[in-house]
Ligand code: NAD
């Protein structure tokens with residue numbers, strides 16, 4: 001079906017690959033103009049080109065979400081390139097193994113600076129833009145099923161995702177008066193480069209083949225299959241559109257039935 005523009009603009013961090021890329025492609029198909037903000041400019045540029053570039057309603061931006069000024073600049077550029085701003089998807093994140101006894105101050109600093117601080121800067125920059133434009137908007141951030149239940153071996157990652165949920169619940173309450181909703185999506189085990197690295201690291205640490213590493217993560221999925229990035233993109237599409245206008249402060253699990261609340 002041909003894409004019909006919906007007159008709205010979305011920015012997706014970490015949109016160069018994996019879940020972020022699927023979100024970009026889905027929102028673009030939904031009719032949004034999309035800014036693909038990533039540390040990896042080559043990857044972001046390829047995704048933008050695949051959607052027809054600026055004329056097709058897709059632009060690539062370099063951003064390091066750990067850097068507050070960078071995130072504000074990316075939102076400003078999106079507003080000036082596309083003339084509006086309606087949705088931010090704070091998707092960028094990293095997921096190294098962090099066994100409890102090996103956690104260092106540098107490890108805490110690095111993981112929180114991307115997975116948590118990056119969401120704080122995204123919320124602030126989007127709020128500023130929405131208020132300057134004189135309308136509300138939607139703030140959507142990546143949590144994880146590991147942000148609902150502590151997962152073995154990835155304590156710091158789990159902690160950042162619990163923190164993103166806490167932050168988003170308060171932001172939902174604080175920003176409602178501006179017509180802004182704030183929600184998170186909580187994927188399960190999604191086939192992306194991030195998950196491949198984690199499965200490999202887990203297998204290597206145990207001296208087992210990669211396939212064994214994947215099995216450690218797939219046990220307990222009710223729907224008995226790994227997730228594709230498009231499963232997550234569908235939920236973000238819902239959270240970005242008018243059908244979710246009465247939802248705020250929530251974390252939507254899209255994990256095939258790993259965690260039941
Ligand atoms: P991925 O590693 O495949 O892609 C992440 C993208 O973010 C990459 O393009 C990377 O260049 C970019 N990025 C990394 N650090 C950045 C930074 N500082 N600034 C800007 N961009 C940066 O990851 P993914 O699997 O697609 O995960 C996306 C999000 O979903 C993450 O927040 C992740 O924690 C979350 N998540 C993933 C899974 C999964 O199974 N893959 C499960 C639950 C939650």
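Each reported figure results from applying straightforward, stated rules to the coordinates on display, with no laboratory input. What you see is a predicted model, and the numbers here were worked out from it, not measured in a lab. Glycine also receives a Cβ, built like all others from the backbone with ideal geometry; neighbour counts cover every protein chain displayed.
Once you have all Cα-Cα distances for the chain, histogram them in 10 Å bins from zero and send the whole-percent values.
7, 32, 37, 19, 5, 0
When N is the residue count of the stretch 2-96, what does its C-alpha Rg come to as a fraction of 2.2 N^0.38 Å?
Ratio of Cα Rg to 2.2 N^0.38 Å: 0.96.
What is the distance in Å between the Cα centroid of the stretch 1-26 and that of the stretch 142-210?
With the stretch 1-26 and the stretch 142-210 each reduced to a Cα centre, they are spaced 20 Å.
Report, in degrees rounded to the nearest 10, the 0 to 90 angle that the Cα long axis of helix 229-240 makes with the longest principal axis of the chain.
40
Nearest 10 degrees, 0 to 90: what angle lies between the long axis of helix 18-30 and the longest principal axis of the chain (Cα atoms)?
30
Packing-wise, with mean Cβ within 10 Å as the measure, how do 127-133, 38-44 rank, highest first?
So the peptides 127-133, 38-44, ranked by packing, come out 38-44, 127-133.
Please compute, for the alpha-carbon atoms of the stretch 160-261, the extent along each of the three principal axes and give them in descending order in Å.
Result, largest extent first: 53, 24, 24 Å.
Using the Kirkwood radius over Cα pairs, work out the Stokes-Einstein diffusion coefficient for the stretch 93-188 at 10 °C and 1.306 mPa s, in µm²/s as a whole number.
114
Based solely on its DSSP helices, what 222 nm [θ] is calculated for the chain when runs of n ≥ 4 H residues each add -39,500 (n - 2.57) and the sum is averaged over all residues, nearest 500 deg cm²/dmol?
-15000 deg cm²/dmol, from helical runs alone.
Would you please classify the overall shape of the stretch 44-152 from the alpha carbon gyration tensor, given that a ≥ b ≥ c denote the square roots of the eigenvalues, rounded means a/c under 1.5, and beyond that prolate means a/b larger than b/c while oblate covers the rest?
prolate
Run the simple label-point estimate for residue 94 and residue 132 please: 7 Å along Cα→C-beta, distance reported in nm.
My value for the distance between the label points is 2.9 nm.
Can you give the angle from 0 to 90° between the axis of helix 155-175 and the longest principal axis of the chain, with both taken from C-alpha atoms, to the nearest 10?
30
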